[in-house]
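The values are calculated or read from the model by the stated rules, or taken from the named source; none is laboratory data. Source: prediction; values computed, not measured. As a convention, Cβ positions derive from the backbone with ideal geometry for all residues, glycine included, and neighbour counts pool all protein chains shown.
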């Protein structure tokens, strides 16, 4: 366990793009009161089920858009990528070159 | 061994023979310079393109056990079992960005396992050891569960004996699997996955269009399910979620999604891909399997309408609920198609079992054997060790199913899911920040692991006659912190893994704050920020398979 160089003096290497926010949209699926009901049915399938099935194409569209829109973007390294798992990124956002 | 279903057995055996030939031939498929290197044996040469990766990862994540357990859960509990759909839909948006960083940093440094990465990121063999052990322990019961899926098929075809003879077909299937995995490494499941997934798609699509027409339409199927659940006194089942299990539904879906790519076998498929674009395209295309899984879940309700009675396991004397969907197929389909469907599930067990055993073998070799037992092992010796380890892992899983009650594997898998989630801060959050202190991560892991285990231990399941490990949900009122119960009287249920992860994070943050104040050294980071964005064609990538 030797001491490394202090990480605060490095660029953080995080890249931010506003399109990434689209990745949060499918999380709406976790809000169960939105869809926990029987009616209206579609082809006999209760709302609870068909509504959640709709999120499959929705998720594909969101992720697909992020893929297409971030392919050839000029890179900015001065903002943290807030879409880390659960917004848990509390990282070194200060100091370092590239800002 | 009465009532052998010969038509089914013949169709099943022919398809099984086909994948066996493919498994052995896979050694020469897209061959590299040598198979005596983990990059080649364990990661297929790190050159799989979009299609191969789609079949491989799809075949890996959507396992045979999933295919039998999810409909069985719907059959027994109703709406709660449908958590599998939100789980596999939110999965891809959540992991999209972190997986790209993981691929890049692993490709630059030649990491084969998540523990390799942690070793490089924190320079700590202790933390890497914890990640490796967690991965191995969580994966082992998962492999055993694939056997449960395979056995559900064999039992329905008539191989329902007790004792060693009853397990002979299972044993034979696994010996064959072990041999070609030993020889071909990751290429074998990659090639077989094409067959497995094609069969599965055909079977499920046939089932969801053919069966409702036969059973009087979707409306009748759902009404039948509703009638069944309304007739039971239990508040936990129902065609919709109840008052107390909505939080459980959401946290189970979220917790499972966060956990999935922490499993070493899931990451193996990602690290084997050629570049970042392959991963991105797959994150868009993999939800096709989620659609399939959602439809498959509904087969549980069809089993209710047709009055399916799960087969009694003669080895344990209890009804095996995992045979719900296989019995449904047998009742409703002609024999030849049933054999086809059973082959889909059976081969569906082989692909993930192979990848999981390879992933566990990689962890053993890289993070325990090379780290502690033989520090100067050459790449060729590593590959040899991993091949042997994959055999040990698979036969361990078979022994587990044959000699121990399969229920024990199911319990262990439940615990494994909670355990693997505890590596999230060290493996996933660290991809973004090194703010957490090494010892904070270790302390958090210990806290999350211990509390998660205690909570699971204390969950009874009266319906199954169990006092401990009866499920993965706990009532908020039961949460107690050294006797302090913050949610007294709240009967809402929550997923244990999620609570344990929160405890893990709180401890990790507190310990980190203290250690940062005292200026304790935080390990050596061998990665650099630009490593996390490297892509195919980059000059800094580590050459594949060099000694």
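Here residue B:211 clears all of (1) crowded, with 18+ Cβ neighbours inside 10 Å; (2) assigned to a helix (DSSP H, G or I); (3) under 28 Å from the mean Cα position of the chain (by Cα) except the condition numbered (3).
Listed here are the residues, each with its yes/no results for (1) at the interface with chain B (Cβ under 9 Å from one of its Cβ atoms); (2) outside any helix (DSSP H, G or I); (3) modelled with pLDDT under 90; (4) touching a helix residue (DSSP H, G or I) at 6+ places or on another chain (Cβ under 8 Å).
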{"residue": "A:51", "(1), (2), (3), (4)": "no, no, no, yes"}
{"residue": "A:56", "(1), (2), (3), (4)": "yes, no, no, yes"}
{"residue": "A:79", "(1), (2), (3), (4)": "no, yes, yes, no"}
{"residue": "A:91", "(1), (2), (3), (4)": "yes, yes, yes, no"}
{"residue": "A:95", "(1), (2), (3), (4)": "no, yes, yes, yes"}
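On the stretch given as the stretch B:40-92, residues that are in contact (Cβ under 8 Å) with a residue 60 or more places away in the chain and farther than 22 Å from residue B:310 by Cα total 31. Within the stretch B:482-530, the residues that satisfy the criterion of being farther than 18 Å from residue B:435 by Cβ, within 14 Å of chain A (Cβ to nearest Cβ) and assigned to a helix (DSSP H, G or I) are B:497, B:498, B:530. With respect to being within 14 Å of another protein chain (Cβ to nearest Cβ) and either crowded, with 22+ Cβ neighbours inside 10 Å or in contact (Cβ under 8 Å) with a residue 24 or more places away in the chain (or both), residue B:249 fits the description. Please work out which residue is nearest to the chain's Cα centre (by Cα), limiting yourself to the stretch A:27-43 and to residues that are more than 25 Å from residue B:212 (Cβ to Cβ) and part of a helix (DSSP H, G or I). Filtering the stretch A:27-43 for residues that are more than 25 Å from residue B:212 (Cβ to Cβ) and part of a helix (DSSP H, G or I), the one nearest to the chain's Cα centre (by Cα) comes out as A:27.
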